[in-house]
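Trainee: Got a structure here, written out as structure tokens. Questions coming.
The values are calculated or read from the model by the stated rules, or taken from the named source; none is laboratory data. Since the model is a prediction, treat every value here as computed from it, not as a measurement. Here the Cβ positions follow ideal geometry from the backbone for every residue, glycine too, while neighbour counts run over all protein chains shown.
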Amino acid sequence: MAKRTIVSLPGDGIGRVVLEETLRILEAAGFEADYIEGDIGWEFWTKQGNPLPQRTLDLIAEHKIALFGAITSKPKEAAFNELAPELRTKGLVYSSPIVGLRQHFGLDICIRPTKSYLGNPLNFVRRGANDQIEEPLVDAVIFRQNTEGLYGGVEWTNPPQLVYDGMMTHPKFVQNFGNTPKEEISISTRIFTKKATERILRAAFEHAKKYKYPSVTLCEKPNVIRETSGMMYKMAQEIQKADYPTIELWNTNIDAQMMWLTKNPENYGVIVAGNMFGDIVSDGFAGLIGGLGFAASAQMNPDSGIGVFEPTHGSAPKYAEYDVSIVNPIAMIESACMMLDFIGEASIAKKIRAAVAEVITEGKVKTYDMLKMVGRPNVIEKGAASTQQMTDAIIEKLN
């Protein structure tokens, strides 16, 4: 059988090192593939004016599967100021390449699992009855609608007259902003469509059904954001009643959910939300299992078979400058395991996850975050494992 070709997208900062170490893990676990590197990220923005070149889109369209490291993303003015001088007169505006990937390929299903590793010193603990310390098992999977909502990119500063006139037809806009000069207004839209909302809801219920989670929690704000969150909640009720009657549907507001996740996180299994709230709640749950060093994600379009798999952490450019890399590669490794599941290599994914779990439980090799150190170059001297040493320890367990 011909080897599968995987598009590797190192991106910026620590993205390259965690991706390189993950490829070592995949090879050691017996996964055979050819890797072709795609251009993406800050370097291509500053030098070429495009952080997501068409050649990279073509690679992903051809090969379907991509492993993505991390990107640097900066506000509008900072991004413009870092453009090559010859590009600054061309009217270029920076936009996130990962958001661009999602929208270009319709990667509307985003899955972010958060599951405790036994023995991880960063696991959430609480004080229970009789002052006993409890460490509840966290096993929540967040389904985030990935292409719409506040991240849809439909926004303006000093909106065009046509947009402003349209907004002025809404009585609330007239009441609250009608006397504000147009040039002092910025507008971001929150757009939900029924088609994409149904897809993410059904993906969440199907996951709960497949893996025997008793409930699906819709985490939105329908009591205030009545049209978009309200539509999503109504659709969830209809879908649950018609097709998943044995799975409970819970409804939580995003603000209350952020409180409850540190009170009773073990009560939650599958959580589904729109783009912004899904982003927020997934980071909240990631904090309960050790932080972004353990937070993996998959974004996919089941119709086209295209999937991009990435850790949810950023590029941490200062760490990329250290002589010895200190970052935790587990989030990237877990993302690769999600890729393996997606392409039908679940047995290899299971083997890698078991090796990671064994290293964490054994507790002999810990990156700086697991030792609760500040991320500085001298953490290696103080006993923290380097990125490469953590990878070596996992490979040793694989063998």
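Trainee: With LEU67, LEU57 as the choices, which residue is assigned by TED's automatic domain parsing to the domain that holds MET332 and buried (at least 18 other Cβ atoms within 10 Å of the Cβ)?
Mentor: Matching residue, one of LEU67, LEU57: LEU67.
Trainee: For the subset of region 59-82 comprising residues that are over 23 Å from the mean Cα position of the chain (by Cα) and of a type in the set (D, E, K, R), which member is modelled with the lowest pLDDT?
Mentor: Out of the qualifying residues, it is GLU77.
Trainee: Separate question: Here is a list of conditions, (1) touching a residue at least 40 places away in the same chain (Cβ under 8 Å); (2) touching a strand residue (DSSP E or B) at 6+ places or on another chain (Cβ under 7 Å); (3) of a type in the set (A, V, I, L, M, F, W, C), and ALA29 meets all of them except one; can you say which number that is?
Mentor: (2)
Trainee: Identify the single condition in (1) assigned to a helix (DSSP H, G or I); (2) surrounded by 14 or more Cβ atoms within 10 Å (Cβ to Cβ) that THR361 does not satisfy, given that it satisfies every other one.
Mentor: Exception for THR361: condition (2).
Trainee: Still on this model: Tell me which residues, restricted to region 373-388, are among the polar types (S, T, N, Q) and either more than 12 Å from VAL327 (Cα to Cα) or crowded, with 17+ Cβ neighbours inside 10 Å (or both).
Mentor: ASN378, SER386, THR387
Trainee: Still on this structure, I have one more. Of the residues ILE6, ILE40, which single one is in contact with a strand residue (DSSP E or B) (Cβ under 6 Å, 6 or more places away or on another chain), assigned by TED's automatic domain parsing to the domain that holds GLY307 and under 20 Å from ALA316 (Cβ atoms)?
Mentor: Details: ILE6 fails: under 20 Å from ALA316 (Cβ atoms).
Just a single option satisfies the conditions, and that option is ILE40.
Trainee: Filter region 174-190 down to the residues that are in a loop (DSSP other than H, G, I, E, B), touching a strand residue (DSSP E or B) at 6+ places or on another chain (Cβ under 7 Å) and without any contact (Cβ under 8 Å) to a residue 40 or more places away in the chain and list them by number.
Mentor: At the first step, the residues of region 174-190 found to be in a loop (DSSP other than H, G, I, E, B) are 178-181, 185, 189-190.
Next, only the ones that are touching a strand residue (DSSP E or B) at 6+ places or on another chain (Cβ under 7 Å) stay: 189-190.
Scanning region 174-190 gives a single hit, THR189.
Trainee: Just one of LEU23, LEU52, LEU9 is buried (at least 21 other Cβ atoms within 10 Å of the Cβ), within 19 Å of LEU340 (Cα to Cα) and at pLDDT 95 or above; which is it?
Mentor: Checking each option against the conditions leaves just LEU9.
Trainee: Moving on. Just to check your reading of the model, which residue among ILE380, ILE352 is hydrophobic (A, V, I, L, M, F, W, C) and within 25 Å of the chain's Cα centre (by Cα)? Explain how you work it out, then say what you get.
Mentor: On the way: ILE380 fails: within 25 Å of the chain's Cα centre (by Cα).
Step by step, each of ILE380, ILE352 is checked, and only ILE352 is hydrophobic (A, V, I, L, M, F, W, C) and within 25 Å of the chain's Cα centre (by Cα).
Trainee: Just need a number here: residues in region 1-26 that are free of Cβ contacts under 8 Å to residues at least 40 places away in the same chain and of a type in the set (D, E, K, R).
Mentor: Looking only at that region, the number is 2.
Trainee: Ok, one more. Which of the strands (runs of 3 or more DSSP E) contained wholly in region 232-337 include at least 3 residues that are touching a residue at least 24 places away in the same chain (Cβ under 8 Å), crowded, with 20+ Cβ neighbours inside 10 Å and among the small types (Gly, Ala, Ser)? Reasoning before the result, please.
Mentor: On the way: elements: 248-253, 270-273, 296-301, 306-311.
The qualifying strands (runs of 3 or more DSSP E) are 296-301.
Trainee: Something else now. Looking at region 72-97, which of its residues are of a type outside the set (D, E, K, R), surrounded by fewer than 21 Cβ atoms within 10 Å (Cβ to Cβ) and part of a helix (DSSP H, G or I)?
Mentor: Residues satisfying the conditions are ALA78, ALA79, PHE80, ASN81, PRO85, LEU87.
Trainee: Within region 139-173, can you find the residues that are of a type in the set (Phe, Trp, Tyr) and assigned to a helix (DSSP H, G or I)?
Mentor: Residues satisfying the conditions are TYR151, TYR164, PHE173.
Trainee: Shifting gears a bit: Output yes when any residue across region 301-324 is over 21 Å from ILE98 (Cα atoms), more than 13 Å from the chain's Cα centre (by Cα) and acidic (Asp, Glu), and no when none is.
Mentor: yes
Trainee: For LEU107, state whether it is outside the structural domain of PHE277 (by TED's automatic domain parsing), surrounded by 14 or more Cβ atoms within 10 Å (Cβ to Cβ) and not in a loop (DSSP other than H, G, I, E, B).
Mentor: no
Trainee: Counting only residues that are outside any loop (DSSP other than H, G, I, E, B) and without any contact (Cβ under 8 Å) to a residue 60 or more places away in the chain, which one in region 112-138 is surrounded by the most Cβ atoms within 10 Å (Cβ to Cβ)? Spell out the reasoning first.
Mentor: Let us first name the residues in region 112-138 that are outside any loop (DSSP other than H, G, I, E, B), namely 112-115, 126-127, 129-131, 133-134.
Okay, now just the ones that are also without any contact (Cβ under 8 Å) to a residue 60 or more places away in the chain, so 127, 129-131, 133-134.
Working: ARG127: 9, ALA129: 6, ASN130: 5, ASP131: 6, ILE133: 8, GLU134: 11.
Top of the filtered list is GLU134.
Trainee: To continue, here is another question. Is it the case, given these coordinates, that MET370 is assigned to a helix (DSSP H, G or I), closer than 30 Å to LYS74 by Cβ and either free of Cβ contacts under 8 Å to residues at least 24 places away in the same chain or among the aliphatic types (A, V, I, L, M) (or both)?
Mentor: So MET370 does not fit the description; no.
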